[in-house]
Amino acid sequence: MFDSIAPRYDFLNRFLSGGIDISWRKKALRLLKKSGPATILDVATGTADLAIMAADILKPNSIVGIDISPKMLEVGRIKVKNKSLDQIISLNQGDSEAINYPDNSFDAVTVAFGVRNFESLEKGLSEIRRVLKPGGQLVVLEFSKPRIPVWSQLYKIYMKYITPIFAGLFTKNKTAYVYLNNSIQAFPEGKAFLSVMHKIGYKQTSCKPVSLGISTIYTGIK
């Protein structure tokens, strides 16, 4: 599914969000500025949007991006090369629930719009915690559901009906964006997600809704 939408994925992210997804990513990454991570793992990196932005904002020594979709990674590698970031960012095919790196490998781990796709949320978060160094920070940016009554209804209409129509026009894969809405509806957001993080062993957890609850930024420390 992700392979099929890879060529138009970045365009649709900007188009369907009105470009506001860029500000969400920047807010998430700025939470890592204080700790100044030298090594970062970007899980479910997709086309490397967050990894490229992290290189600019955080200036780490190295960033590794992993994703299960080879076509997404192909697009990401072109972007990385065009920005002359080959020496800093490496993109590899990998499974979030079986991360192919040793324990205590990274100062920080980021995940943007990926945790809701984990087959097992607990297993994925456990693997991320395993590869984090002690004191390392996880930052997750994920869609959520607005709670403000009128805004919530408009959001539901937009995601359920309008988004798949536009996606079908541009990618010929309407199903992928029907899945997008279904996965958002099923995701244990807010305090429920923090409870899962606590269960796995993360400390100092927090969640911060952005854009009236369309998305939420979660953080936790190993």
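Assess whether Val109 counts as being in contact with a Pro (Cβ under 8 Å, 6 or more places away or on another chain), among the β-branched types (Val, Ile, Thr) and either closer than 19 Å to Lys199 by Cα or part of a helix (DSSP H, G or I) (or both).
Details: in contact with a Pro (Cβ under 8 Å, 6 or more places away or on another chain): no; among the β-branched types (Val, Ile, Thr): yes; either closer than 19 Å to Lys199 by Cα or part of a helix (DSSP H, G or I) (or both): yes.
In short, no.
When segment 71-92 is examined, which residues are found to be part of a helix (DSSP H, G or I) and touching a helix residue (DSSP H, G or I) at 6+ places or on another chain (Cβ under 9 Å)? So that I can check it myself, show each step before the final result.
Residues of segment 71-92 that are part of a helix (DSSP H, G or I), as a first pass: 71-82.
Hits for segment 71-92 are Lys71, Met72, Leu73, Glu74, Val75, Gly76, Lys79, Val80.
Count, please, the residues in segment 52-70 that happen to be part of a loop (DSSP other than H, G, I, E, B) and over 17 Å from the mean Cα position of the chain (by Cα). It would help to see each step written out before you state the result.
First, the residues of segment 52-70 that are part of a loop (DSSP other than H, G, I, E, B): 59-61, 68-69.
With the extra rule that they be over 17 Å from the mean Cα position of the chain (by Cα), the set shrinks to 59-61.
Looking only at that region, the number is 3.
Those residues that are in a loop (DSSP other than H, G, I, E, B), surrounded by 15 or more Cβ atoms within 10 Å (Cβ to Cβ) and at pLDDT 90 or above, I need them from segment 116-162; list them, please.
Residues satisfying the conditions are Phe118, Ser144.
Starting from residues that are over 16 Å from the mean Cα position of the chain (by Cα) and assigned to a loop (DSSP other than H, G, I, E, B), keep the ones in segment 20-51 and report whichever is nearest to Ser126 (Cα to Cα). Steps first, please.
Of the residues in segment 20-51, the ones over 16 Å from the mean Cα position of the chain (by Cα) are 33-39.
Of the ones still in play, those that are also assigned to a loop (DSSP other than H, G, I, E, B) are 33-38.
Numbers: Lys33: 24, Lys34: 24, Ser35: 22, Gly36: 23, Pro37: 20, Ala38: 22 Å.
Only one residue fits best here, namely Pro37.
So which of Val64, Val43 is modelled with pLDDT of 95 or more, touching a Gly at 6+ places or on another chain (Cβ under 8 Å) and surrounded by 15 or more Cβ atoms within 10 Å (Cβ to Cβ)? Talk me through it step by step, then tell me what you get.
On the way: Val64 fails: touching a Gly at 6+ places or on another chain (Cβ under 8 Å).
Result: Val43 is the single residue among Val64, Val43 that is modelled with pLDDT of 95 or more, touching a Gly at 6+ places or on another chain (Cβ under 8 Å) and surrounded by 15 or more Cβ atoms within 10 Å (Cβ to Cβ).
So, in segment 124-162, how many residues would count as being under 21 Å from Thr219 (Cα atoms), small (Gly, Ala, Ser) and out of contact with any strand residue (DSSP E or B) (no Cβ under 7 Å at 6 or more places or on another chain)?
Summing the residues that are under 21 Å from Thr219 (Cα atoms), small (Gly, Ala, Ser) and out of contact with any strand residue (DSSP E or B) (no Cβ under 7 Å at 6 or more places or on another chain) in segment 124-162 gives 2.
The values are calculated or read from the model by the stated rules, or taken from the named source; none is laboratory data. Since this is a predicted model, take the numbers as computed values, not measurements. Every residue, glycine as well, gets a Cβ built from its backbone with ideal geometry; the counts of neighbours run over all protein chains shown.
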